[in-house]
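Here the structure comes first, spelled out in structure tokens, and everything after it is commentary.
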Amino acid sequence: MGVFISRCVAPVFVVVLLAEPLLFGQEPVPTPAVALERLKEGNGRFAADKPAAKKIDAKRRAELANGQHPFAVILTCADSRVTPELVFDQSLGDIFVLRVAGNIADRAVIGSIEYAVEHLHTPLIVVLGHESCGAVKAALQGKPLPGDLGWLVQQVHVGDKLPEDKQGRLKAGIQANVLHAATELTERSSAIKELAGSNRVQIVSGVYSLTSGEVDWLKMPKAKTEKK
């Protein structure tokens, strides 16, 4: 934070505080905790069928034409039933969304997230899985699939020591895959790791219920510490 002092003709001093990365006409960047609470409140409205009025008019579009300042990154599945802008009840320009089957964290996805947190100063990253995920079902079945679809399913990590029953296995596999993708972000990106380590960015994960509309937030595993 810098301080600029301007002297007027009369013995009066005007002090202007410059808070970076705040730009003229831009709202202050929220803390990760505030950003997460904003998403939780939005999901509560969505699940209760009480959505807020959206900023999607000409004025909002004109504002966004000058730049974007999303408060959260959402990495989720390409499934048509999972639409983050609706699930979290947000408006145009509020969230930076990445969608790919199985919500996997490949190089293109991680690079996109790096752009959001480094250049747009987005303070929150959410990895969001969902019930009945087809990519996880395919990974659990273990059958070889042709083409790029086969490669994609191989990137889905369902974990081990899964329950014996079918529904329990699917639920555990979905959670394991979400947590794996969230962990990959800091293990494969030094930029994201540095920002998360300094608490400028928070990474959280959850699983969306197709029926209730609610997001079940998962407990993140402790970050691995490097041996000296």
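In summary, Ser132 fulfils each of the numbered conditions (1) of a type in the set (S, T, N, Q); (2) surrounded by fewer than 19 Cβ atoms within 10 Å (Cβ to Cβ); (3) in a helix (DSSP H, G or I) with the single exception of condition (3). In the stretch 209-228, the residue that is modelled with the lowest pLDDT out of those that are farther than 16 Å from Leu128 by Cβ and among the charged types (D, E, K, R) is Lys228. Checking Leu140, Leu124 one by one, the residue that is over 23 Å from the mean Cα position of the chain (by Cα) and either in contact (Cβ under 8 Å) with a residue 24 or more places away in the chain or buried (at least 16 other Cβ atoms within 10 Å of the Cβ) (or both) is Leu140 and no other.
The set of residues from the stretch 181-212 being surrounded by 16 or more Cβ atoms within 10 Å (Cβ to Cβ), in a loop (DSSP other than H, G, I, E, B) and over 15 Å from the mean Cα position of the chain (by Cα) comprises just one member, Ser189. Summed over the stretch 87-101, the residues that are surrounded by fewer than 23 Cβ atoms within 10 Å (Cβ to Cβ), in a strand (DSSP E or B) and in contact with a helix residue (DSSP H, G or I) (Cβ under 7 Å, 6 or more places away or on another chain) give a count of 2.
Evaluated against (1) surrounded by 14 or more Cβ atoms within 10 Å (Cβ to Cβ); (2) in contact with a helix residue (DSSP H, G or I) (Cβ under 6 Å, 6 or more places away or on another chain), Pro163 falls short on exactly one condition, (1). Being modelled with pLDDT of 70 or more, of a type outside the set (Phe, Trp, Tyr), surrounded by 15 or more Cβ atoms within 10 Å (Cβ to Cβ) and under 19 Å from Leu92 (Cβ atoms) holds for only one residue in Pro32, Pro70, and it is Pro70. Applying the criterion of being in contact with a Ser or Thr (Cβ under 8 Å, 6 or more places away or on another chain) and not in a loop (DSSP other than H, G, I, E, B) to the residues of the stretch 41-77, the residue that is farthest from Leu179 (Cα to Cα) is Arg60.
The values are calculated or read from the model by the stated rules, or taken from the named source; none is laboratory data. The structure presented is a predicted model; accordingly, all values stated were derived computationally and were not measured. Heads up, the Cβs are rebuilt from the backbone with ideal geometry, glycines too, and the neighbour counts pull from every protein chain shown.
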